[in-house]
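The values are calculated or read from the model by the stated rules, or taken from the named source; none is laboratory data. Note that this is a predicted model, so its numbers are computed, not measured. Don't worry about glycine lacking a Cβ; one is built from the backbone with ideal geometry, like all the others, and counts go over all protein chains shown. Side chains are part of the model used for accessible areas, which takes the heavy atoms of the whole protein and leaves out ligands, DNA and RNA. Shrake-Rupley method; radii C 1.70, N 1.55, O 1.52, S 1.80 Å.
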Amino acid sequence: MSAETADRVAVTGSRPNTPPQTSWFEFLLDESLLENHLQKSSPDPSPVQLVIQFLEQASKPSVNEQNQVQPPADNRRNRTLKLLALKVSAHLKWDLDTLEKGLSIPVLNMLLNELLCVSKVPPGVKHVDLDLSTLPPTTAMAVLIYNRWAIRTIVLNSFPEKPTKLGPHQMNMLNLVQQEKESTENILKVLKEQSEDSIMVLEGALGIKKDFYIHTLRTLDLLAAEPPTTNGETECSTAGLKISADELHCQVHYDLGAIFFQQGCSEPSSYEKAREHFFKTKELLLKLDSKALHCRLDERRLAGYWNACRVLTGASDPSDAQLTPYGLINNFIKSKNYQALIETFIKDNVTLSLPNYFRQSILREFVHKVQQGDRTLEEVCHKLCVCNAVREALEGQVVSVFFQQLLLRPNKRTVDFLLEVCTRALDAEHAETSRRKLAALLKAVCESVEETSLVFMVFAHKLFVELLPEEERKTLVEQMRKRSASINLSAKLLPSFYDIPASASVNIGQLEHQLILSLDCRRIRQILIELHGMAERPFWRVNSKWEVPQDYVSVILGIKDNLTRDLVYILMAKGLHCITIKDFAHARQLFSACLELVTEFSPKLRQVMLNEILLLEVRAHESGGGCTRERPPPDLVSRVRGYLEMRIHDIPLRQLVGEECVAFMLNWRENEYLTLQVPQSLVMNNPYIKLGQLLAATCKELPGPKESRRTAKDLWEVVVQICSVSNQYKRASDGRVSLIKQRDSTMGILHRSKFVTFIKKLREPLVLTTLISLFVRLHSIVRDDIVNEVTAEHLSIWPSTLPNLQSVDVEAVAVTMKELVTYALTLNPNNHSWLITQADIYFVTSQYSAALHYYLQAGAVCSDYFSKAVPPDVYTDQVLKRMIKCCSLLNCHTQVAVLCQFLREVDYMTAFKALQEQNSHDAMDSFYDYIWDVTILEYLTYIHHKRGENEKRQIAIKAIGQAELNASNPEEVLQLAAQKRKKKFLQAMAKLYF
């Protein structure tokens, strides 16, 4: 061995033999490397790091020859990288707990969207509109995983998080952090908007009793290898990892319980739903064994959720109450059995079974009730406070501020009770430890209490004599005598230990707590006066959730007097919060007080408050909801007009007020006013007012001659601009240029999301019909499919072409149309025109069962559930032909034959072809009684005779032999027979598809 070789061996031998980290591109070069890598005990990089690397590389933008930044290319490399990311997730068995801990929301969103894509989930179709039971198993599972993640993400992000602080050496990462934050906020906004749909998808999954299958590495390989299919069925649909229905339902019940619990703070009825789901979770958890693959639950958290739901819903479960002290305590509080509650706390000082934080929370609840004015509970508070102090002393903790406050003004009953609790807290098992700690507590009490008679009452008690040695007692007595000589007996007694705390800092904290809770205007003012007397700081910042509109912030914070500034800000913030939760009575009180205050010194703020009070009254009236809403009083309409005509300069105006006022005027058919009297300057400055004016003008002219469609064209152009898109690029801090994405065009008067929000404030049927008509026409033009067009009323008033078709976002148009029709049907589910439009939407997106549901519903609502004939303008030949096609594609061929009779001219060719089909999924011969056309019945007889189906042939012959179908009958008899069969058939169909 040479000297150089020896040196090299010595050097390398002295270092730890750590293998180099595998780079992401190596997995592209060697297909077998990934599986081998994941099988290692501690792979480096870890699975979640691999997912991040693969997706990061696959989503990098490319640069073309002209040095222009392009979106990530859809090439083999990027597809393979995405597939690798999916394989790693499959190795992790799609465990959302693991993925959520290791991946950020944008990365996990990208991953799950890729899963939806490879699982052949129909693009452009809302998940809530999919029938999971008819989808391939792995496709349905992909939809469920995505929607589970969606509601889990909403719940997880509802918890407060401490912001990450960047050090000086990390400041160059600030832009990247900000970009990720913006991306996360955008995704969360979308998830929250779609939360109801996600909940409905998961609730639908609970009705599926069959087992599910989830993608594995093998099924993903099969997907990559096989050619694309049209219907989403692949050989790997049931080749994945089997997940039992109970296991999935357990996890879904838990996730639904969590989202309903999170919604409970704004909708208390949701707590009941959460409790039901958590109960089902507990039931299913008992059925599952420890080898469950997909169900990963934090059982301690589930127990916490369950106890919280029981308390919040007031559900009484005697068996549960006997098992857990939480149930007992809850029942004691509900039944106002406070003596039993106190007794439970005393006994717990021996068992130490209740957590200390739980005991403190019970005390805080009672203190809050006392602060709200229920003075009958003061003694209960005193006793609970004493019990908790003894418990804290036994555990070696510092006694709470509540107990220290109580010692500032004790009475004989309190001292007697303290001695009783201490006596009963002595535990035989830990006698020495308990005695020492209780002695220290009583000694501290003697040193704190100023009234000599109470101190000597403790000295004389048997327990005190037992606990303290004689020398300590003598020393303490001497100290008390010296102190009693210097006590100022003329000192003013403290009014209440709740109001006067041990220190000024505690006092400020308590007052701030009361300030947050109070909705009484006078009390808020009084608390602020007290706070400003103690400290000079901005108390409008006490609660981070107090928010006033950005348009008003500078005006309010510009108020020179600090107390007035705080009072105006807090009154407005609390009033706005009350409007949000529909507590209009308190909102009126808060706004009225604020108006009275600002009138004294600021005309500008006075007008601001008048505008906000107007918005409050509009919302209060509109929240009445339903079809029985009364017309608003003339005074309110007059004030809305006054706002829309306002010409006062230098007044901060919220667009939202204009938006609500315009929606209000449209809902109450004030079209003449909107088109003729609104100032043009306000129309130019507020896009909602411009939209309202165009809508009002278009509705006013419906129906009208061709020359009166100018306003319809103006409305059309505005909406087309809103639905247009534009590519935008931006340069990162490192100089690279990247494509952001297509986003709402800034050329439009407002973004599409805001436009949809505005639409959902409208309730007037003609306005909604006009908007539906516009979007249906726009959808037909951008989709360019003459055969499969959606229909609606008044389509002729809109242009038939678009000059710049490529700029319109096709998906945005489709989504908006669906949202608009769905929203309209929530207001009036019996509008047959909207129902036909909804059915057409499902038809053109190949959801035939749902389409039939809405076609049948449209007929039912205008015929008293088919007891009368459906009007021919509802069941046109086009509608009937679409119903026929739906039945045909659902393999319900006998229903096809029956429906062919409904056409103005019976379609014998389609009926005969349908009856030739042997693989029919409907009830076949049970539908023969609904056929009145003798030619079709004769053909049926021939078909069954030819096939040797004698039993079915006899049923067809029996149907022909009915006297009312005799061709010699008068026309009226034949028509009556047809109408009778139509009615029964449609009612039978309704039972199938409703």
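Odds and ends about this structure:
- Members of the stretch 676-703 found to be in contact with a Leu (Cβ under 9 Å, 6 or more places away or on another chain) and among the hydroxyl-bearing types (S, T, Y), listed by number: Y688, T698
- Which numbered condition V898 misses (of (1) among the β-branched types (V, I, T); (2) assigned to a helix (DSSP H, G or I); (3) open to solvent by 10 Å² or more (accessible area, probe 1.4 Å)): (3)
- The lone criterion from (1) at pLDDT 90 or above; (2) under 15 Å from F775 (Cα atoms); (3) open to solvent by 50 Å² or more (accessible area, probe 1.4 Å) left unmet by E819 is number (3).
- Condition met for D784 (within 30 Å of the chain's Cα centre (by Cα), charged (D, E, K, R) and open to solvent by 10 Å² or more (accessible area, probe 1.4 Å)): no
- Near pairs, Cβ below 7 angstrom, 6+ apart or cross-chain, from the stretch 41-62 (open to solvent by 50 Å² or more (accessible area, probe 1.4 Å)) to any residue that is modelled with pLDDT of 80 or more and assigned to a helix (DSSP H, G or I): I52/V107
- Lone unmet requirement of (1) at pLDDT below 85; (2) touching a helix residue (DSSP H, G or I) at 6+ places or on another chain (Cβ under 9 Å) for K761: (1)
- L636 vs. criteria crowded, with 17+ Cβ neighbours inside 10 Å, over 21 Å from G658 (Cα atoms) and touching a helix residue (DSSP H, G or I) at 6+ places or on another chain (Cβ under 8 Å): no
- Cβ-Cβ under 8 Å pairs, at least 6 apart or on other chains, the stretch 106-124 side farther than 20 Å from A814 by Cα, far side open to solvent by 30 Å² or more (accessible area, probe 1.4 Å) and outside any helix (DSSP H, G or I): M110/S59
- Put simply, of R654, R639, R669, R647 the only residue that is modelled with pLDDT of 85 or more and over 14 Å from L762 (Cα atoms) is R639.
- Every condition in (1) surrounded by fewer than 17 Cβ atoms within 10 Å (Cβ to Cβ); (2) closer than 27 Å to E530 by Cα; (3) touching a helix residue (DSSP H, G or I) at 6+ places or on another chain (Cβ under 6 Å); (4) at pLDDT 75 or above holds for L407 except the one numbered (1).
- Set L363, L312, L352: member being modelled with pLDDT of 75 or more, open to solvent by less than 70 Å² (accessible area, probe 1.4 Å) and not small (G, A, S): L363
- For the stretch 71-109, the set of residues classified as closer than 30 Å to K818 by Cα, in contact with a helix residue (DSSP H, G or I) (Cβ under 7 Å, 6 or more places away or on another chain) and assigned to a loop (DSSP other than H, G, I, E, B) consists of P72 only.
- The residues in the stretch 248-278 that are among the hydroxyl-bearing types (S, T, Y) and open to solvent by 30 Å² or more (accessible area, probe 1.4 Å) can be counted, and the count is 3.
- Top-ranked residue of the stretch 511-553 - restricted to ones that are of a type in the set (D, E), more than 26 Å from L656 (Cα to Cα) and at pLDDT 85 or above, ranked as farthest from the chain's Cα centre (by Cα): E530
- Test: S453 is open to solvent by less than 20 Å² (accessible area, probe 1.4 Å) and in a helix (DSSP H, G or I): no
- Residues of the stretch 220-241 that are hydrophobic (A, V, I, L, M, F, W, C) and either modelled with pLDDT of 80 or more or on the phi > 0 side of the Ramachandran plot (or both): L220, L241.
- Residue match in the stretch 423-442 (condition: open to solvent by 80 Å² or more (accessible area, probe 1.4 Å), at pLDDT 80 or above and touching a helix residue (DSSP H, G or I) at 6+ places or on another chain (Cβ under 7 Å)): yes
- Yes/no for L614 being touching a residue at least 60 places away in the same chain (Cβ under 8 Å) and in contact with a helix residue (DSSP H, G or I) (Cβ under 9 Å, 6 or more places away or on another chain): no
- Selection within the stretch 765-779 - over 17 Å from T711 (Cα atoms) and open to solvent by less than 20 Å² (accessible area, probe 1.4 Å): V776, H779
- Test: residue in the stretch 607-623 that is modelled with pLDDT under 90 and exposed (fewer than 15 other Cβ atoms within 10 Å of the Cβ): yes
- Every condition in (1) more than 28 Å from Q962 (Cβ to Cβ); (2) not in a helix (DSSP H, G or I) holds for F866 except the one numbered (1).
- Pairs where the first residue, in the stretch 851-874, is within 24 Å of L130 (Cβ to Cβ) and the second is of a type in the set (D, E, K, R) and outside any loop (DSSP other than H, G, I, E, B), C-beta under 8 Å, 6+ apart: A851/D840; A851/R882; Y855/R882
- In the stretch 787-803, of all residues being out of contact with any Pro (no Cβ under 9 Å at 6 or more places or on another chain), farther than 13 Å from W834 by Cβ and in contact (Cβ under 8 Å) with a residue 12 or more places away in the chain, the one that is surrounded by the fewest Cβ atoms within 10 Å (Cβ to Cβ) corresponds to T801.
- The residues on offer are E964, E951, E905, and the sole one that is open to solvent by 90 Å² or more (accessible area, probe 1.4 Å), farther than 30 Å from E789 by Cβ and not aliphatic (A, V, I, L, M) is E951.
- Residue match in the stretch 804-820 (condition: without any contact (Cβ under 8 Å) to a residue 60 or more places away in the chain, within 30 Å of P61 (Cβ to Cβ), in a helix (DSSP H, G or I) and not aliphatic (A, V, I, L, M)): yes
- Applying the set (1) over 19 Å from C886 (Cβ atoms); (2) touching a Lys or Arg at 6+ places or on another chain (Cβ under 6 Å) to Q806 leaves exactly one unmet item: (2).
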